[in-house]
Amino acid sequence: LAATSLLANCVNYLSDADCNNYLSKGYCDDSNQYATWVQARCPVACNKCPNNPLKTSDQLQCIDNDSGCDYYQSSGYCDPSSIYYSWIKSTCPSTCGFCPAS
């Protein structure tokens with residue numbers, strides 16, 4: 001599990017339970033007084049991961065960077081409405097079908 005976190009470009013620094021709780025209370029909203037603090041500690045939950053378009057070298061190889069991609073796909077992370085969408089695009093491009101047609 002630790003290796004997965006190291007490979008991820010963007011991770012929650014607090015527990016997922018805490019981050020999801022903050023999200024449900026609206027603390028991720030930019031207008032919330034706690035937004036800056038929560039967004040810094042829960043970027044995945046708050047959908048504040050930097051956009052990481054695939055680098056040209058990644059597009060050529062277009063390989064997944066995480067062993068959990070099948071699970072993430074089956075859990076809906078590849079869907080554009082997922083809060084993990086920006087992270088999953090660079091983490092599991094092959095499994096999620098983001099690779100350019102060859």
Extension reserve of the SER81-GLN33 stretch, reckoned as 0.36 nm per residue once the Cα distance is removed: 14.7 nm
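Using the Cβ atoms and a cut-off under 14 Å, what net charge is assigned to the surroundings of SER86, where Lys and Arg are +1 and Asp and Glu are -1?
Details: positive: LYS48, LYS89; negative: ASP79.
Net charge around SER86: +1.
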Local net charge near VAL38, Cβ-Cβ under 15 Å (Lys/Arg +1, Asp/Glu -1): -1
Within-11-Å neighbourhood charge of TYR27 [Cβ basis; K, R +1; D, E -1]: -1
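Here, each number is a calculation from the coordinates, and none is a lab measurement. Source: prediction; values computed, not measured. So basically every Cβ, Gly included, is an ideal-geometry build from the backbone, and we count neighbours across all protein chains shown.
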